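Each remark here refers to the structure printed beneath this line.
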Amino acid sequence: MSTSEIENSFGFDKIYRFKVRGFSKGKIRVTTFSQAYNLMINKNNGDGGNSKPVDPLCAADPLVPTEWKSYEKFALSAFNCARPYRFMDVALPSTTPTSQLTSKNELLPVAQCKLPAQNNYNNVGFKQNGWQFNGDLQIQIIPIQFTDYGSSENPVKEYSKYLEYIKEMYFKISDGNTRITYKVPNSYIQIGSDIKSYVVDGSLQDGSGIVWKKLDARRYERDVFNAADKVIDFTGIDMTIVLVPLSVPTEFIGHSSEFRMDNVRTNEGIVEYNYLMPPATEVDRRSFYGVEPFLHLHEIFHANGLLNDHLGDAGKGPYLGTGRWGHMSGMLTDFILWDKWIAGMLRDSQVICASPNSVGTYWIKPASYFGTFEKLLVIPLSSTRAIAIESERAAGMNFKIPEIARGALVYTLDTLDTRFDAGITVIRPENRTGPIQLGTFILADAPLKSGESLTVWGHKISVLESGDWGDVIKVEKA
Ligand SMILES: [Zn+2]
């Protein structure tokens, strides 16, 4: 998470908060977020005088799951934003496009679209180290308590809805390719010291002015793993999540690159990736890093180093990166498919690797529908550059995206782009004249509608047809 993501989270981007007041109007039964949202806009227009722009991505969800209902209220009051707390299943319809599609034997081998990682911070290429966030992953929970702050509860009881959410959402957004199993001890492991005893001079802070106490991270790491190693067998563990009791004040567990644990030695070998989760308590703005479930899907990728932020110039412009498209760019929407692919969540079989040298017509299914469909179209231009296209619809974790954002999202990949938070760039069509953002949603209007086209890096990308089944994309040299 970077500075501007945090600022965005706390409303410095002029977030306008609102709540869905009525869930029915006349005899219309409202069953989706979109219906409720549209009713609300109409109601606001009808009120007259209420000219505040609405913010679709941060709006309350009328169908929020029961276990997140009260948290959603807290999120709106403390962070000015309610993120997605459910996955909205939308089935691929039986209808299909009518365009003549390029045959599969004219496609390139998918390996040709896997731009290799470069040795730079903004790496957006494929790493060669092998470990990926897919398959049957074993996550070890390390629940740690202290002599000054403890808990006699089972850690599963204190954190069950978080662990379930993380597991379910990764499963759904990966089309079933990322399957987490947790190993959780029955009780918190006593570290044998006050958490206060780890406090050293100085402080940790994020970009929005939130401050934490600074802990001696190396001594803390040593003590956590010494205590854990006595009771946990780390054999076959892909990653750990270090939890603390809900009684621990939020000021102790900081959100900072200075407070992390990587490549820790245990009796069973090195555990490379460890996510230090702050307490999930609803206290204040500092609680965000522990209590916001959607955030953990983002932070886990910082802990395992598979993905970077794509805000572009830290979100301050003029370079906008991917706007608010993608979880790694502001934590408001689902991961873009390129990130899912390089992290291992999207299967190779879901990628259409198309030749840059011939005219082609391809059908991509909606990115946010659950299913092992072909979803990502990639046109490799060299070993460091490619154009990618995906189909955005209101479904899955993107169920809140407004009409203006539904279409074919075009972005470029450049593994040699070393600007801050750069390398993936969403292309906004030149004919867009409205504001660059809708509420918090930067580049909301970038997706191409049916009949539209744009030109990027010498290639013309057109949408020939679109429907609930996705988009048909024509690619040709400009
Ligand atoms: Zn981030």
Checklist entry - Within straight cross-link reach of LYS167, meaning Cα distance under 17 Å, which aspartates and glutamates are found once same-chain residues fewer than 8 apart are removed? => result GLU67, ASP89, ASP136, GLU158, ASP175, ASP238, GLU292, GLU299, ASP334
Checklist entry - Based on the alpha-carbon gyration tensor of region 351-478 and its eigenvalue square roots a ≥ b ≥ c, which shape applies: rounded if a/c is under 1.5, prolate if not and a/b is larger than b/c, or oblate? => result rounded
Checklist entry - For the cross-link pairs LYS73/LYS375; LYS157/LYS230; LYS73/LYS196, which exceed 27 Å when the distance is taken from alpha carbon to alpha carbon? => result LYS73/LYS375; LYS73/LYS196
Item to check | Crossing angle, helix 155-173 versus the chain [Cα axis fit, 0-90 degrees, rounded to tens] | outcome: 20
Checklist entry - What percent antiparallel are the DSSP beta bridges of the chain, to the nearest 5? => result 70
Item to check | Long pairs among LYS104/LYS172; LYS161/LYS214; LYS161/LYS474; LYS69/LYS127, criterion Cα-Cα beyond 32 Å | outcome: LYS161/LYS474; LYS69/LYS127
Checklist outcome for this item: Two pseudo-spin positions, 7 Å from Cα along C-beta at PHE74 and at VAL200, lie apart in nanometres by 3.1
Checklist outcome for this item: Candidate cut points under trypsin sites (Lys or Arg not before Pro) in region 366-459, DSSP loop plus at most 15 other Cβ atoms within 10 Å of their own Cβ, are ARG419, ARG432, LYS449
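By DSSP, what percent of the beta bridges with both residues in region 362-478 are antiparallel, rounded to the nearest 5?
Taking every DSSP beta bridge within region 362-478, about 95 percent pair in antiparallel fashion.
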Checklist outcome for this item: Helix 69-79 sits off the longest principal axis of the Cα atoms of the chain, rounded to the nearest 10 on a 0 to 90 degree scale, by 90
Checklist entry - What residues have an amide H closer than 5 Å to that of SER329, excluding those fewer than 5 places away on the same chain, when H is modeled at 1.01 Å from N in the peptide plane? => result HIS310
Checklist outcome for this item: Tilt, helix 293-304 to longest principal axis of the chain (alpha-carbon atoms), in degrees rounded to tens, equals 80
Checklist outcome for this item: Here, SER450 and LEU108, labelled 7 Å along Cα→Cβ, have an inter-label distance in nm of 3.0
Item to check | Dipole magnitude of the chain about its Cα centre (Cβ charges: Lys, Arg +1; Asp, Glu -1), debye to nearest 20 | outcome: 1100
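Here, each number is a calculation from the coordinates, and none is a lab measurement. These numbers come from a predicted model, not from an experiment. For neighbour counting, all protein chains shown are included, and Cβ atoms are generated from backbone atoms with ideal geometry for every residue, glycine included.
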